[in-house]
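Let me begin by presenting the structure, written as structure tokens, before commenting on it.
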Amino acid sequence: MNLFNVITLFPNLIEEWKNSGIIHQALKNNIIEINSINLRDYGIGTYKQVDDAPYGGGPGMVLMPEPLDSAINSTNVTVNVFLTPSGTQLDESMINELLEFDSINLICGRYEGFDQRILDLHSDYEVSVGKSVVSGGEVPAMYLLEALIRKIPNVLGNPESLINETFTDNKVDYPVYTRPETYKDLEVPDVLLSGNHQKINEWKKNNLKDI
Ligand SMILES: C[S@@+](CC[C@H](N)C(=O)[O-])C[C@H]1O[C@@H](n2cnc3c(N)ncnc32)[C@H](O)[C@@H]1O
């Protein structure tokens, strides 16, 4: 069983996402476990404070180290992945590396991000999912988990879906078609209708593009 803890101020986003698609199936089949851990539960004082103004001034609020430290220490997981736009760009080789761990904490930032000291203390990976900034680490965490979980054995209905997939061997997948055979004067390539599996496989191979 692969265990993923998502430490977040918005656990409802993660819980809702768990209800659909392959994630839902993988949870139902007990292949994975995903826990959302509410950072607010580890907040300080009556108001469960999790953020404060930045030292030295500047806009926005910064996530304080203590609540994050407590939330991370509440788990038995030793691999901590922080979602941050300044991190290493996620790609398939990083996904394959992360697949080696059977449990991972994913830590989602908000506002101006994490107090640097929590990264200094706990970060094993700092991961960015793209060269643009979104408001929180939840969508990046879900993106990373979808990319990772679909590669866990028995998650996809047909494991062949992973073969020839875009980014495998630096190729872009061949184009795919379904019914109808003609749509708005655009035809499905004849070879795909021929039933000749050798020719079809050759066509597929020839239509993989280099990245
Ligand atoms: C508004 S962003 C903080 C941006 C930060 N002030 C900066 O300029 O790097 C809030 C949080 O969203 C998440 N986030 C935003 N963009 C991301 C990206 N491209 N990849 C991963 N996480 C991202 C991070 O967890 C981040 O702490």
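A few remarks follow.
- Condition met for residue 121 (touching a residue at least 24 places away in the same chain (Cβ under 8 Å), more than 18 Å from residue 13 (Cβ to Cβ) and either surrounded by 13 or more Cβ atoms within 10 Å (Cβ to Cβ) or not aliphatic (A, V, I, L, M) (or both)): yes
- Among (1) more than 30 Å from residue 167 (Cβ to Cβ); (2) out of contact with any strand residue (DSSP E or B) (no Cβ under 7 Å at 6 or more places or on another chain), the one test that residue 43 misses: (2)
- Hits in region 119-141 - residues which are within 11 Å of the ligand (Cβ to nearest atom) and either aliphatic (A, V, I, L, M) or assigned to a loop (DSSP other than H, G, I, E, B) (or both): 119, 127, 129, 130, 131, 132, 133, 134, 135, 137, 139, 141
- Filter result for residue 210 (over 15 Å from the mean Cα position of the chain (by Cα), touching a residue at least 12 places away in the same chain (Cβ under 8 Å) and exposed (fewer than 13 other Cβ atoms within 10 Å of the Cβ)): yes
- Counted residues, region 89-113 - those being more than 10 Å from the ligand (Cβ to nearest atom) and either in a strand (DSSP E or B) or β-branched (Val, Ile, Thr) (or both): 4
- Subset of region 67-88 that is among the β-branched types (Val, Ile, Thr) and assigned to a strand (DSSP E or B) - its residue that is surrounded by the fewest Cβ atoms within 10 Å (Cβ to Cβ): 88
- Single residue of 44, 23, 31 found to be exposed (fewer than 14 other Cβ atoms within 10 Å of the Cβ), outside the structural domain of residue 171 (by TED's automatic domain parsing) and away from the ligand (no atom under 16 Å from the Cβ): 44
- Options 155, 191: the member that is outside any helix (DSSP H, G or I) and surrounded by 13 or more Cβ atoms within 10 Å (Cβ to Cβ): 155
- Qualifying residue in region 8-15 (condition: under 30 Å from residue 156 (Cβ atoms) and in a loop (DSSP other than H, G, I, E, B)): yes
The values are calculated or read from the model by the stated rules, or taken from the named source; none is laboratory data. If you're wondering where the values come from, they're calculated on a predicted model, not measured in any experiment. As a convention, Cβ positions derive from the backbone with ideal geometry for all residues, glycine included, and neighbour counts pool all protein chains shown.
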